[in-house]
Every structure is written in structure tokens, then in C-alpha cells.
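K.L.:
Just passing along the structure, written as C-alpha cells.
The values are calculated or read from the model by the stated rules, or taken from the named source; none is laboratory data. Being a predicted model, the structure only gives us computed values, none of them experimental. So basically every Cβ, Gly included, is an ideal-geometry build from the backbone, and we count neighbours across all protein chains shown.
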Amino acid sequence: MVLEECPFCRKFLAAELLSKEEIDTTEALKEKDAFFKMGVTIETGERIADHPDAFITSRFAYRCRDCGKEWAKFSVREVGIPREYIEDEEEKTDYESEREEEDAREEQYAREG
């Protein structure tokens, strides 16, 4: 038995864990009402959508021992953004700032000339 309540008959401690599997977070987001099923907030949901590889999503399948119905629950935990993504974003930011400085110099030169 698992410390879960059946969402159908509302019996507490009637749930039986059938399976637990790690699933691709990107695929979980494609499922209908995935954010609702995962029970995440809007802010966390946006972070998950922006960097799904920074999260591990698990799907738990349950069956009620009383009424026999089955359901799934999701669990999301953050593992951090891979270092190469952070470095790529930093490089992009540096490039963009250098480009803006160059554009400003070109405008200044064009006004003087």
C-alpha cells in the first residue's frame, strides 16, 4: 500500500503503486494538462518549459485496491541547467553587447562624417 488517496472513491491508503518511471520532461509537457497534473506553479512551469533538461520528471502509475481504477501522478524535480547552456547564454550576451557597442560607434561615426 502507498500513502495515496484514490481520486475516484476517495479511499485513503487504498492505492497500489504499479510502476514508477522517469520520462522525458519535454514529452511530459506535450501531454494534455501536464502542468496541472504535475502540480507546478506558473513560475516553475515557465522554467521547465525554457529548460526541460534541467528537470527530471517521474510518472507514477497507481491502481485502487478498492474500486480498481487506475491513475497517474507526475513528480518534477530540478537537477540544474547543464553548464554548456549557461556558457552558451553568457557568450551570446557578450556577443550582443559587443554588437550594440559597435553599432553605436558606427552611428556616431556616421553623424560626425
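K.L.:
Could you list, in sequence order, all residues of the range 5-29 that are at pLDDT below 80 and in contact with a strand residue (DSSP E or B) (Cβ under 8 Å, 6 or more places away or on another chain)?
P.N.:
A28
K.L.:
Hey, another quick one. Considering only residues of the range 46-89 that are among the acidic types (D, E) and out of contact with any strand residue (DSSP E or B) (no Cβ under 7 Å at 6 or more places or on another chain), which is modelled with the highest pLDDT?
P.N.:
So in the range 46-89, the residues among the acidic types (D, E) come out as 46, 50, 53, 66, 70, 78, 84, 87-89.
If we keep only those that are out of contact with any strand residue (DSSP E or B) (no Cβ under 7 Å at 6 or more places or on another chain) as well, we get 46, 50, 53, 66, 84, 87-89.
Working: E46: 73, D50: 79, D53: 82, D66: 92, E84: 61, E87: 55, D88: 56, E89: 54.
It comes out as D66.
K.L.:
Check K32, K92 and return the single one that is within 30 Å of R10 (Cβ to Cβ), at pLDDT below 70 and surrounded by fewer than 12 Cβ atoms within 10 Å (Cβ to Cβ). Steps first, answer last, please.
P.N.:
Numbers: K92 fails: within 30 Å of R10 (Cβ to Cβ).
Of K32, K92, the one residue that is within 30 Å of R10 (Cβ to Cβ), at pLDDT below 70 and surrounded by fewer than 12 Cβ atoms within 10 Å (Cβ to Cβ) is K32.
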